[in-house]
Amino acid sequence: MNKILLFLFFVAAGFFSKAYSQTTYIIKGRITDATSGDPIPFANIAVKASTSGAITNFDGFYQLKYTLPADSLLVTYVGYDTKSKAIAPNLAEQTIDIQLMPGSLQLREVRIFAGENPAYAIMRKIMANKKQNNQDNLGAYEYESYNKIQIDIDNLSDKFRKRKAIQKMTHIVDKYDEVKGEDGETVIPIFISESVSNVYYRNDPKKKKEIIRKTKVSGVGLTDGSLVSQLTGSSFQQYNFYNNWLNILEKDFVSPIAESWKVYYEYYLADSTSNGNRYDYQIDFEPKHEQDLAFSGSFWVDGESFALTQMDVSVGKRANLNFIDKIKIQQSYDYFETEKRWVPVKTRVLIDVDEPTKKTAGMLLKFYSSNSKYKINSPLDNKFYDTGIELMEDYMQHDSVFWAKSRPESLTPSEILSFQLVDSLKVLPVIKTYTEILNIFVNGYKKLDKWNIDIGPYLFLYANNAVEGHRFRLGFRTDPGFSRKWIFNGYGAYGTRDHEFKYGAGMDYIVSRKPWTMAGISYSKDLERLGVSAETIGPNTLFGAFSRFGAFRRPYWQEDISAYFKREMVKGLTGSVQLRHRNFIPLFPFAYRTTPDEGAESPLKSSFDITELNFELRLARKETFLAE
């Protein structure tokens, strides 16, 4: 009987032990960069001493299943320090968020074997299929795009925190300290924008158009005006790695899948991984020569079509970009079964601006795009694409429900706090003062939101010269809040020595935005200098303002009235016609003969009137009109 009982005990113990070991547990969470707070896609997560593992998605989220025994989670990714975190015992499901600190990029150990680098065979297949896989070679495509831009202040040193202006916003800095995480650094957003638009592309002829449906702008020093809204769309955030070169901050970087790939890069076949019903090759790469404008990172290609499925590249200080510490671009692609094609769906860009001095802070520029609802090879009429960027009339009419539905991912607690505190930050007196000074310095005008006009430009408020003495001038212009069709401007000036009033006014009317068409009239009566008038110095406002000071040699009075009509005839080609009448009344010795054929008998005259009819054609093939 004792033997039977002992046998049954071991059988039961074995059964329960097996059942216990086969119980499945779940861990989920998010992997983020400790310095920027951005998610880290494509990171490897594994349970130590186990075969259980996962890879983060584009937004840094992961989920894995494991069985016991298990005590800790290990996270690794190229360019970051490896980190482990303990797993809480006996929890069926738990959330573990981990922040990784950027580390030095470790170069791979290269072993020389007989035969060819195995990555080269894959690279040749990528090149062979490159034209076919490039989305810009499609006949046409269109999609809906969500875009987010965020500007943060980072690297808040003790010296920076002790500055008088920063101490006045200590309560906001403390709020961010609370949510930065156990390993994160304090990052304070000062600008956040969101936009939803529809993008249209046609290959023959090559044309692209974006219709911006809704925008939301919140930040220090910027408001949700039409010009800013157009800059927050998708058109200025395009990165196509199938092109041989990518222009970033006015420098051309060679793509890791450029035609000249062997010249610029070293490649390593790192892994082959499952991607749904398909499989991907992971290829790591680094520049052959440190001085080249080239990337380091990894990309994944589909094992059948050899199209890009994921891209993760970065550039450090070696690129020699002024005050730029790091640039990072991440991109993911989705497969469309009906078209048998991979297209880019998500892009994230991080530009880390270094602090110029120890007493200042650094800055992070973040761009995020998510594309959906693709429609391929259904081109629209050619004229539809003539206006590069179009802003819907109701672009500012939206609510929180709209944005909750439009965002591809729900906001995290820290992102919700960011939106709340950006609005709190910009109403602080010290911030409002600095913002006002910055706006005046950049734009030259003081905004009067109540009346939708701007007063200025400040550079022309005062001048002193030998003819006018103290010259005082005050001008204005209307902004888009006044009218999206009519634009008015005017000014008045007075000199204390010549006791003369000078004045001018203008009116412009936007006839159409599709195609861009404008008309307007203007009138002015003012004192000018020969050779330094507004028409000769052009848009150089600084030079024009300072030319009013000093001796003011060869002055003359000019009364000028003109009318114009301007229209974009085709994309990049603008035609205009102007009728202008002006006079010239010099205040310095000047004379000319009215009938030169009569010689010395010809009467002399010192002033004249002239009427002109001017025609102009302007060709700017890649220019895009941004309407205020």
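The values are calculated or read from the model by the stated rules, or taken from the named source; none is laboratory data. Predicted model, so just to flag it, every value in this text is computed and none were measured. Methodologically, a virtual Cβ is constructed for each residue, glycine included, from the backbone with ideal geometry; neighbour enumeration extends over all protein chains shown. We work out accessible area using only protein heavy atoms, side chains counted, and drop any ligands, DNA or RNA first. Shrake-Rupley method; radii C 1.70, N 1.55, O 1.52, S 1.80 Å.
When the range 40-76 is filtered for residues that are part of a loop (DSSP other than H, G, I, E, B), on the phi < 0 side of the Ramachandran plot and open to solvent by 30 Å² or more (accessible area, probe 1.4 Å), the ones remaining, listed by number, are Lys48, Ser50, Thr51, Asn57, Thr67, Leu68, Pro69, Asp71. Residue-level check: of (1) over 21 Å from Ser332 (Cα atoms); (2) under 44 Å from the mean Cα position of the chain (by Cα); (3) modelled with pLDDT of 80 or more, Gly29 misses just (1). Taking the condition at positive phi, open to solvent by 40 Å² or more (accessible area, probe 1.4 Å) and modelled with pLDDT under 85, does Lys359 pass? So Lys359 fails the test. Before we move on, is Tyr264 within 20 Å of Lys125 (Cβ to Cβ), in contact with a Pro (Cβ under 7 Å, 6 or more places away or on another chain), open to solvent by 10 Å² or more (accessible area, probe 1.4 Å) and among the hydroxyl-bearing types (Ser, Thr, Tyr)? Spelling it out, Tyr264 is indeed within 20 Å of Lys125 (Cβ to Cβ), in contact with a Pro (Cβ under 7 Å, 6 or more places away or on another chain), open to solvent by 10 Å² or more (accessible area, probe 1.4 Å) and among the hydroxyl-bearing types (Ser, Thr, Tyr). Looking across the range 292-336, not a single residue is free of Cβ contacts under 8 Å to residues at least 12 places away in the same chain and within 20 Å of Tyr267 (Cβ to Cβ). Contact map, the range 479-496: first residue touching a residue at least 12 places away in the same chain (Cβ under 8 Å), second residue among the β-branched types (Val, Ile, Thr) and assigned to a strand (DSSP E or B), Cβ cut-off under 6 Å, separation 6 or more or different chains; pairs are Lys485/Ile510; Ile487/Thr478; Phe488/Thr478. Taken as a whole, the condition of being at pLDDT below 90 and under 15 Å from Glu528 (Cα atoms) does not apply to Ser607.
Which of (1) of a type in the set (Ser, Thr, Tyr); (2) buried (at least 17 other Cβ atoms within 10 Å of the Cβ); (3) over 14 Å from Trp557 (Cβ atoms) is the odd one out, the single condition Thr496 does not satisfy? For Thr496, the exception is condition (2).
For beta carbons closer than 8 Å, sequence separation of 6+ or different chains, a first residue in the range 42-64 that is farther than 21 Å from Tyr281 by Cα and aromatic (Phe, Trp, Tyr) and a second that is modelled with pLDDT of 85 or more and buried (at least 17 other Cβ atoms within 10 Å of the Cβ), the qualifying pairs are Phe61/Gly29; Phe61/Arg30; Phe61/Pro39.
Suppose we keep only residues that are assigned to a strand (DSSP E or B) and of a type in the set (Lys, Arg) within the range 556-597. Which one would you say is least open to solvent (accessible area, probe 1.4 Å)? Looking at residues that are assigned to a strand (DSSP E or B) and of a type in the set (Lys, Arg), I get Arg580.
For the range 77-104, residues that are open to solvent by 40 Å² or more (accessible area, probe 1.4 Å), closer than 30 Å to Glu286 by Cα and in a loop (DSSP other than H, G, I, E, B) total 6. Taken over the range 466-493, the criterion of being among the charged types (D, E, K, R), outside any loop (DSSP other than H, G, I, E, B) and open to solvent by 70 Å² or more (accessible area, probe 1.4 Å) is satisfied by Arg477 alone. Taking the numbered list (1) open to solvent by 60 Å² or more (accessible area, probe 1.4 Å); (2) without any contact (Cβ under 8 Å) to a residue 40 or more places away in the chain; (3) assigned to a strand (DSSP E or B); (4) not aromatic (Phe, Trp, Tyr) in turn, Lys502 passes all entries but (1).
The C-beta contact set for the range 198-212 (first residue assigned to a strand (DSSP E or B), second residue polar (S, T, N, Q) and at pLDDT 85 or above, distance under 7 angstrom, 6+ apart or interchain) comprises Val199/Ser145; Glu210/Ser197; Ile211/Ser197; Ile211/Asn198; Ile212/Ser195; Ile212/Ser197. Close Cβ contacts (under 7 Å, 6 or more residues apart or on different chains) running from residues in the range 131-157 that are free of Cβ contacts under 8 Å to residues at least 12 places away in the same chain to residues that are open to solvent by 20 Å² or more (accessible area, probe 1.4 Å) comprise Lys131/Asn137. In the range 389-414, the residue that is farthest from Met569 (Cα to Cα) out of those that are surrounded by 17 or more Cβ atoms within 10 Å (Cβ to Cβ) and at pLDDT 80 or above is Ser406. Among the candidates Glu393, Glu339, Glu409, the residue that is without any contact (Cβ under 8 Å) to a residue 60 or more places away in the chain, of a type outside the set (A, V, I, L, M) and in a loop (DSSP other than H, G, I, E, B) is uniquely Glu339.
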